Amino acid sequence: MENLTYLFSSDMFLATLRLSIPLTLAAVGATICQRSGVINLGVEGMMLLGAFSGVLGVHLTGSPYLGIMLSLAVGALIGWIYAVLVLHYDANQSVSGIGLNVFASGLTIVLTRAVWKSDGLSGSVKQVPSITVPVLSEIPFLGLLFKNQSPYLYFTVMIVILAWWFMYRTKQGLRLRAIGEHDEAAATVGIPVKLYRYKAIIVCGMLCALGGSYLSIVQNNRFVKDMVAGRGFMALAANIFGGANPLGSWGSSLVFAFAQAVRINLEVDIPDQFLQMLPYALTLFVLLIIGLKNRKKYKDKIA
């Protein structure tokens, strides 16, 4: 009964919001990328490189905010490299994405050893401090959203809204969606398809890196090898489940984050391994449902 009460408590709500931040950022990045007609399976690697570069930036400068800036710069660079591979050299998108994940995993271990003389574990660094918004923090119940929260939470909400507005309320967003639907038709009316795709992939890299930096300099105060732990693939699933819509991706990310919060905070007489696999099992279940749904649509079209 106590666990059931906790499930619907404000603490669980806030924990879900915090855990959804890296998933949402990466999912929105994947949404923008997919809408341009590029499937980015390298989200996991982009997040991992963002997590490492965030800690490295703080280590070198002493400022968490400069760590964020370095993370964004590295995300943009990795996004550009991925874009060159799949757009300029016509590399297979899936193979390039998986290759990026493997590359990021190995590179971060090597660089951690080079900087901190440790295999896959950095030294501790300053975290991004939480903030309290005056006046708004005094509002009953809703004030919890503005009291001792990470700035990442507010930036994430802003990014979701801006991404939705850009995609569905601007001419450039319409062009981006047109490219994803039929790139040849978009090119015939003078839309620079490759330029839009380059920008979309670079923005995706920056958002994924920003989500990764949250894990290392907000949720933790150090980098640990492979600390993204499958969140990139959860973000991809959230994007698919959310219908490649920024608002839908955010909502789906909250569902996966809730599963993570349950795993972390609930005390039940169940082997810990079962609770640890809960978010990943939910991800697989969602993908299975989507696959069956798409299969039914395909059969209906043929009929």
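The values are calculated or read from the model by the stated rules, or taken from the named source; none is laboratory data. Quantities reported herein were computed from a predicted structural model and do not represent experimental measurements. Every residue, glycine among them, receives a Cβ derived from its backbone with ideal geometry; neighbour counts consider all protein chains shown.
A few remarks follow.
- Annotation: Gly230 fulfils all but one of (1) on the phi > 0 side of the Ramachandran plot; (2) over 12 Å from the mean Cα position of the chain (by Cα); the unmet one is (2).
Residue by residue, here is whether (1) in contact with a Lys or Arg (Cβ under 8 Å, 6 or more places away or on another chain); (2) modelled with pLDDT of 95 or more; (3) within 30 Å of Ile191 (Cα to Cα); (4) of a type in the set (A, V, I, L, M, F, W, C) holds:
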| position | (1), (2), (3), (4) |
| --- | --- |
| Leu4 | no, no, no, yes |
| Leu7 | no, no, no, yes |
| Leu19 | no, no, no, yes |
| Ala26 | yes, yes, yes, yes |
| Ile39 | no, no, yes, yes |
| Val43 | no, yes, yes, yes |
| Gly50 | no, yes, no, no |
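- Asn239 satisfies every condition listed in (1) assigned to a helix (DSSP H, G or I); (2) under 13 Å from the mean Cα position of the chain (by Cα); (3) surrounded by fewer than 22 Cβ atoms within 10 Å (Cβ to Cβ) except (3).
- Per-region count, segment 198-235, residues closer than 21 Å to Trp164 by Cβ and surrounded by fewer than 24 Cβ atoms within 10 Å (Cβ to Cβ): 4
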